[in-house]
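What follows is a set of notes on a single structure, which appears directly below.
A short reminder: the numbers here are calculations on the coordinates, not readings from a lab. Treat the numbers as computed from the prediction; the structure is a model and nothing was measured. Here the Cβ positions follow ideal geometry from the backbone for every residue, glycine too, while neighbour counts run over all protein chains shown.
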Amino acid sequence: MSSKKTLKLSSNMIFLLVVEALFAYLAVRTFSYSSVAALMPGIIIGFILLVTTILVVRELWLSLRKAGSDAAAEEEQTTVPEADPAPRETDPKVARMRELEIIGWLAGFGLTIYLLGFLVAIPIFMFLFLRIRFSTKWLTTAAITIGIEVGVYLIFIVWLQTMLYSGLIAKLFIPH
């Protein structure tokens, strides 16, 4: 028997290809902007295209590897009855609870931004999200939180010279 490697498009692959197509279109659209106006969108679009390209290559590699191992397993298999090929679905209630949890985190982040402003809300949210949701180690949590806060500050305050929303509480206590 000869083994054939068949490539199957997973839902992840389809999603990544759609994202790639969308951002490739947006990249082409930014060519009509002036160089100053196209700088920030170009950086963001380029980064997203780089990441999605890496993920597409990874998905292709995993799919080809799985197809190769499936073909080898098929050759070894003689009269063993087939197992249920359908992947087990997660409980719909569990999936719904996960979605509600993420919506809750996003709503909490939005409320924190509204009350405290971006520069205070981002480290609070990142710290709590990483520690509570993912149980990340303290050092990793601190490093990621500080890195994101410094990155936001450098990009928006220093480089783009943008005033970020300072929050409702700051407006109540700081005289105009």
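Overview of results
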item	result
Within the range 165-176, tally of residues that are among the hydrophobic types (A, V, I, L, M, F, W, C), within 16 Å of I124 (Cα to Cα) and not in a helix (DSSP H, G or I)	0
Long-range neighbours under 8 Å by Cβ, at least six apart or interchain, first residue of a type in the set (D, E) within the range 8-22, second part of a helix (DSSP H, G or I) and surrounded by 14 or more Cβ atoms within 10 Å (Cβ to Cβ)	E20/L49; E20/T52; E20/V56
Selected residue [of a type in the set (S, T, N, Q), surrounded by 11 or more Cβ atoms within 10 Å (Cβ to Cβ) and within 21 Å of Y114 (Cα to Cα)] from T145, T141, T136	T145
Inter-residue pairs, beta-carbon under 6 Å, first surrounded by 13 or more Cβ atoms within 10 Å (Cβ to Cβ) and in the range 29-57, second part of a helix (DSSP H, G or I) and of a type in the set (A, V, I, L, M), 6+ apart	T30/A38; I45/L26; I45/A27; T52/L16; T52/V19; L55/L16; V56/L16
